[in-house]
Amino acid sequence: MIADLKKNTELKMKKTLEAFKADLGKVRTGRAHTGLLDHITVDYYGSQTPINQVARITLIDARTIGVSPFEKKVGPAIEKAIRDSDLGLNPAAAGETIRVPMPMLTEERRKELIKVVRHEAENARVAVRNLRREANHVLKEALKQKTVSENDERRSQDEVQKLTDRHIAEIDRMLELKEAELMAV
């Protein structure tokens with residue numbers, strides 16, 4: 001039971017790290033890429049739908065993303081969703097295609113992006129800590145039901161804490177790398 005708990009907790013923590021890594025990949029460093037808009041959802045007939053399910057996303061050039069809605073009526077909703085996202089982009093309709101130019105990264109914009117990255121890192125840390133709390137709760141319940149000894153429970157809590165520390169250190173390392181990448185001119 002304890003081995004399964006530790007294994008599941010570690011798997012969930014690894015998934016949290018992978019999700020954080022994906023979030024970092026969405027924060028741009030000056031060049032356009034289609035994955036930048038992946039997390040944006042559009043109000044499509046009353047339900048939130050991922051942008052790539054209502055439009056085709058392409059690169060027009062190195063600094064411009066093109067978004068071609070599958071239906072003309074969705075264009076304004078897509079523009080609004082991109083504008084309201086935390087990416088600081090200003091889309092413009094050009095016929096049926098929506099052009100999303102990437103602004104040059106100014107010092108101020110770099111600092112804003114670092115704030116976004118730090119916020120994402122804190123969310124990942126909180127997720128890892130929540131997993132630790134859940135694992136510790138399961139261990140305490142097992143101790144109450146006398147399915148594990150006090151020594152096993154204490155040892156397992158220490159091991160879960162080590163897992164947590166290791167994953168938080170990895171999040172911090174990834175954050176430092178991304179900050180350095182953003183500040184490089």
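Mind telling me which of the residues V100, V116, V128 ends up being among the hydrophobic types (A, V, I, L, M, F, W, C), at pLDDT below 90 and in a helix (DSSP H, G or I)? Answer to the check: V116.
Screening I171 on (1) surrounded by fewer than 16 Cβ atoms within 10 Å (Cβ to Cβ); (2) among the β-branched types (V, I, T); (3) closer than 16 Å to V27 by Cβ shows it passes everything except condition (1). The C-beta contact set for region 1-24 (first residue more than 14 Å from A127 (Cβ to Cβ), second residue β-branched (V, I, T) and assigned to a helix (DSSP H, G or I), distance under 7 angstrom, 6+ apart or interchain) comprises L5/V138; K6/V160; L24/V117. Using the structure shown, decide if L59 is of a type outside the set (S, T, N, Q) and either more than 30 Å from E170 (Cα to Cα) or touching a helix residue (DSSP H, G or I) at 6+ places or on another chain (Cβ under 8 Å) (or both). Taking the combined requirement at face value, the residue satisfies it. If the condition is being more than 23 Å from the chain's Cα centre (by Cα) and over 14 Å from E159 (Cβ atoms), then region 129-148 contributes H137, K140, E141, A142, L143, K144, Q145, K146, T147.
Within region 76-87, residues that are in a helix (DSSP H, G or I) sit with their Cβ atoms under 6 Å from residues that are among the acidic types (D, E), at 6+ positions apart or across chains, in these pairs: A77/D43.
Does G95 satisfy the criteria of being farther than 18 Å from D43 by Cα and not β-branched (V, I, T)?
Details: farther than 18 Å from D43 by Cα: yes; not β-branched (V, I, T): yes.
Yes.
Per-residue answers, yes or no, for (1) modelled with pLDDT under 90; (2) within 30 Å of S156 (Cβ to Cβ):
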position	(1), (2)
F20	no, yes
I57	no, no
I60	yes, no
T64	yes, no
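The values are calculated or read from the model by the stated rules, or taken from the named source; none is laboratory data. Every value quoted in this text rests on a predicted model; they were computed, and no experiment measured them. Backbone-built Cβ (ideal geometry, glycine too); neighbour counts: all protein chains shown.
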